[in-house]
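Worksheet: one structure, shown below.
The values are calculated or read from the model by the stated rules, or taken from the named source; none is laboratory data. On a predicted model such as this, the values are computed, not experimentally measured, just so you know. Ideal geometry is used to build each Cβ from the backbone, glycine not excepted, and the neighbour counts take in all protein chains shown. Surface accessibility is based on the protein's heavy atoms, side chains included, excluding ligands, DNA and RNA. Shrake-Rupley method; radii C 1.70, N 1.55, O 1.52, S 1.80 Å.
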Amino acid sequence: MAAAEEKLTKFTEESLVTVPFDVYRYDPAKGGEPRYQRYELRLAPHTPVLTGLLRIRDEIDPTLTLRYSCRSAICGSCAMLVNSKSRLACRTPVGPEVQAHGRIVIDPMRNQPILRDLVVDQQPFWTRYEQMEPHLILDPSKPMPADTPTRMSPAQVERFRDTPRCIACGACYSACPAVEADPGFPGPMALAKLYRFVVDPRDSATQGRLKKIQTSGLWLCLRCHLCTEACPKDVRPSERIRDLKELAVQAQGGTELGSRHAIGFLNNIEERGTLNELKLVRQTAGVGGVLGALPQGLRIWRKKPEITKAPPPIEGIDQVKKIYQALEDKKEGQE
Amino acid sequence: MRLAYYPGCVAQESGKELDMATRWVCKALAIELVSFPSFSCCGSGFIDEANEVLNVALNARNLAIAEKAGLDMLTICSTCQGMLTLANIRLADPKVKGRVDAALKPLGIEYRGTTKVKHLLQVLTEDVGLEALKAKVVRPLAGLKVGAFYGCHLLRPADEMSWESGEEPHAFEELLQAVGATPVYYRGRVMCCGFPIQFVKPETAERIAGRQIDDAKAHGADAMATPCPLCHISLDTYQNQVSKAVGHRLDVPVFHLPQVVGLALGASPEELGLARHMVSTDAAVAKIGSRALA
Ligand code: SF4
Ligand code: SF4
Ligand code: FES
């Protein structure tokens, strides 16, 4: 018994690593500039970042302020930047971070006002979520029977993909460059949530939801997939946003600049199999847009004169056209 | 090495200098590029937004052309790389595969799913190898600080692209080091260039591009380099507008990946089409000029 205990202790001692934490500190009540404070701990490599931070708070510095609750990737409270990546602190082990960076820099999430240390004001995130009307909108003429559950087929359930797993941690919101650059963008989580209701067979407002979102940010998603990289629950918001775009295009055609551009591009390629750059500008922006872009166009043309010439069609363009015929379901509003 | 060369639309049109530089570098490294005039556009992410299955089918046709020739594909665009890889992945879904096969079969096209798609950055770092590349360098880019700019679709979703970290990659920086340049690490290197929404909301797209260029500059970059011609459009072609959007003059030259390699392997600026850039690369080239070849 004693031998086994000794072995265990020895193993633990040897496997500990020194973890230098550089933690963002800022208390607006006290004024002054934000700063980074260095704390060093000896931890096993598999220790979650959150455990490290709580040890700092409990043993070294009780003023460190952070949000957490479940410590097991359920409550969604502990999202923050770990070496610049938006992560749940309770789900990110210290070992690989120290190995890659030599230290662990901890910052509050991006894209939200900082209240104190690692705590941000999540109101903008929640407001955008509420704007999605994240609840079933039922057709009043077809009320759901009170005492019987509504059945869904496996295929219907499959359409939700992984969106019901979202724990609203905000990591994706923090990682999103469209949120950072444009206040009109709802953010990845809100859009993934919208998707969840759009594909819900019980919801009666699908078309209205799609129409509304087309003019309120859907087409500002950059499909950069940074949200999908950040998400601890594999909700894959970027892919569901793509699905929303296709649903909107298929049902409503080219009603917005974004959908018009996607359809314009699709039609552009059908002609020659390769992109006709100039025509694309005309298709999306219209004559006014082309005129507006003229000075810039001339500037570019001087260096790249071929932009005014349409490229020749590819070999086998007929095959491309036949693939379009087989798979394209033309809708009103498309060219 | 023989590869089916997939230049993509932009490198055949407004980004021709990328095609020129790729051909020069591949010749210097004895990579044989086999051209197929029958390749169609990868869809650039836009067709995918309008019709997923059509996008997969068009790319399955491209992949089948290379498969029939028994060749793997070489891309020189992050978005082409992403779209072709994605087609391979989505075809694993029997529902998608069924519809795609039904559209291709009447045309006598069959894709068995064996074509590997590799971006030039992967071929240079993994297949040619950094040591072999180093051995060919005749004009090390010493003193030139370069900020790599990856382009989203080359990296993400990382579980699907499956070759580099989606947020903390190193391949490009290691390549820059191998050709004698000093890589600059900055957050913007894995961020978005703004291109996908350039048509939808130019001012937002340009603010996004400007943020990344500013970031590279703030970290000391003399120049940026990108493996994606669409990023090049945002960062170079539109840089004057981007400057306006961020309210100050940026003036950062942006190289295509093979141009950086070509310079180190001894190509002239003319051979690499550097005069076609909107932001002059002269000052950056002059930095390595003292080591220029006779
Ligand atoms: S894919 Fe869209 S929602 Fe996700 S981080 Fe990028 S811009 Fe934001
Ligand atoms: S989608 Fe993922 S990252 Fe975004 S809030 Fe939900 S669980 Fe968090
Ligand atoms: S503490 Fe609950 S998710 Fe991390």
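Structure summary
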| quantity | calculated |
| --- | --- |
| Qualifying residue in segment B:179-192 (condition: on the phi < 0 side of the Ramachandran plot, away from chain A (no Cβ under 14 Å) and out of contact with any Gly (no Cβ under 9 Å at 6 or more places or on another chain)) | yes |
| Contacts under 8 angstrom Cβ, first residue in segment A:134-160 being open to solvent by 70 Å² or more (accessible area, probe 1.4 Å), partner modelled with pLDDT of 90 or more and of a type in the set (Phe, Trp, Tyr), 6 or more apart | A:His135/A:Phe197 |
| Long-range neighbours under 7 Å by Cβ, at least six apart or interchain, first residue at the interface with chain B (Cβ under 7 Å from one of its Cβ atoms) within segment A:213-235, second more than 10 Å from ligand 1 (Cβ to nearest atom) and of a type in the set (D, E, K, R) | A:Trp219/A:Glu256; A:Leu220/B:Lys201; A:Glu229/B:Glu167 |
| Residue match in segment B:123-144 (condition: within 14 Å of another protein chain (Cβ to nearest Cβ) and surrounded by 24 or more Cβ atoms within 10 Å (Cβ to Cβ)) | no |
| All positions within segment A:58-100 that are surrounded by 15 or more Cβ atoms within 10 Å (Cβ to Cβ) and over 26 Å from A:Val235 (Cα atoms) | A:Leu64, A:Thr65, A:Val98 |
| Residues of segment B:15-40 satisfying the condition of being within 14 Å of chain A (Cβ to nearest Cβ), open to solvent by less than 10 Å² (accessible area, probe 1.4 Å) and under 22 Å from B:Thr237 (Cα atoms) | B:Gly15, B:Glu17, B:Leu18 |
| Residues being in contact with a Phe, Trp or Tyr (Cβ under 7 Å, 6 or more places away or on another chain) and either within 16 Å of ligand 1 (Cβ to nearest atom) or farther than 20 Å from A:Val19 by Cβ (or both) - total across segment A:44-94 | 1 |
| Residue match in segment B:110-128 (condition: hydroxyl-bearing (Ser, Thr, Tyr) and assigned to a helix (DSSP H, G or I)) | yes |
| Residue match in segment A:89-106 (condition: assigned to a helix (DSSP H, G or I), assigned by TED's automatic domain parsing to the domain that holds A:Pro237 and within 16 Å of ligand 2 (Cβ to nearest atom)) | no |
| In segment A:152-169, residue farthest from the other protein chains (Cβ to nearest Cβ) [restricted to those that are within 16 Å of ligand 2 (Cβ to nearest atom) and over 16 Å from A:Val198 (Cβ atoms)] | A:Ala168 |
| For A:Arg110: the one exception among (1) within 14 Å of chain B (Cβ to nearest Cβ); (2) within 16 Å of ligand 2 (Cβ to nearest atom); (3) in contact with a strand residue (DSSP E or B) (Cβ under 6 Å, 6 or more places away or on another chain) | (3) |
| Enumeration of residues in segment A:182-233 that are on the phi < 0 side of the Ramachandran plot, in a loop (DSSP other than H, G, I, E, B) and within 11 Å of ligand 1 (Cβ to nearest atom) | A:Asp182, A:Phe185, A:Pro186, A:Cys221, A:Leu222, A:Cys224, A:Cys231 |
| Boolean, A:Lys233 is open to solvent by less than 10 Å² (accessible area, probe 1.4 Å) and more than 11 Å from the chain's Cα centre (by Cα) | no |
| Segment A:180-212 - residue that is open to solvent by 20 Å² or more (accessible area, probe 1.4 Å) and within 12 Å of another protein chain (Cβ to nearest Cβ) and, of those, nearest to ligand 3 (Cβ to nearest atom) | A:Glu180 |
| Boolean, B:Arg2 is surrounded by fewer than 24 Cβ atoms within 10 Å (Cβ to Cβ), more than 12 Å from B:Leu230 (Cβ to Cβ) and under 17 Å from the mean Cα position of the chain (by Cα) | no |
| Residue among A:Pro164, A:Pro177 that is exposed (fewer than 14 other Cβ atoms within 10 Å of the Cβ), within 17 Å of the chain's Cα centre (by Cα), more than 16 Å from ligand 3 (Cβ to nearest atom) and modelled with pLDDT of 95 or more | A:Pro164 |
| Those helices (runs of 4 or more DSSP H) lying entirely in segment B:185-253 with at least 1 residues surrounded by fewer than 21 Cβ atoms within 10 Å (Cβ to Cβ) | B:202-218, B:239-246 |
| Every pair of residues 6+ apart whose Cβ atoms lie under 7 Å, when the first sits in segment A:65-86 and is within 23 Å of A:His225 (Cβ to Cβ) and free of Cβ contacts under 8 Å to residues at least 40 places away in the same chain while the second is surrounded by 19 or more Cβ atoms within 10 Å (Cβ to Cβ) and small (Gly, Ala, Ser) | A:Met80/A:Ala89; A:Val82/A:Ala89 |
| Check on A:Glu246, in a helix (DSSP H, G or I), closer than 17 Å to B:Asn55 by Cα, open to solvent by 30 Å² or more (accessible area, probe 1.4 Å) and at the interface with chain B (Cβ under 8 Å from one of its Cβ atoms) | yes |
| Residue list for segment A:20-43, filter: within 13 Å of A:Ile114 (Cα to Cα), acidic (Asp, Glu) and surrounded by 10 or more Cβ atoms within 10 Å (Cβ to Cβ) | A:Asp27 |
| Residue list for segment A:24-63, filter: within 16 Å of ligand 3 (Cβ to nearest atom) and part of a strand (DSSP E or B) | A:Pro48 |
| Any hit, segment B:56-66, residues being among the charged types (D, E, K, R), at pLDDT 95 or above and buried (at least 21 other Cβ atoms within 10 Å of the Cβ) | yes |
| Residue check for A:Arg110: modelled with pLDDT of 95 or more and in a loop (DSSP other than H, G, I, E, B) | yes |
| Residues (in contact with an Asp or Glu (Cβ under 9 Å, 6 or more places away or on another chain) and open to solvent by 10 Å² or more (accessible area, probe 1.4 Å)) located in segment B:145-158 | B:Lys145, B:Ala158 |
| Some residue of segment B:271-282 being touching a residue at least 24 places away in the same chain (Cβ under 8 Å), closer than 22 Å to A:Trp301 by Cα and assigned to a strand (DSSP E or B) | no |
| Hey, A:Thr255 open to solvent by 10 Å² or more (accessible area, probe 1.4 Å), within 20 Å of A:Leu138 (Cα to Cα) and away from ligand 2 (no atom under 16 Å from the Cβ) or not | no |
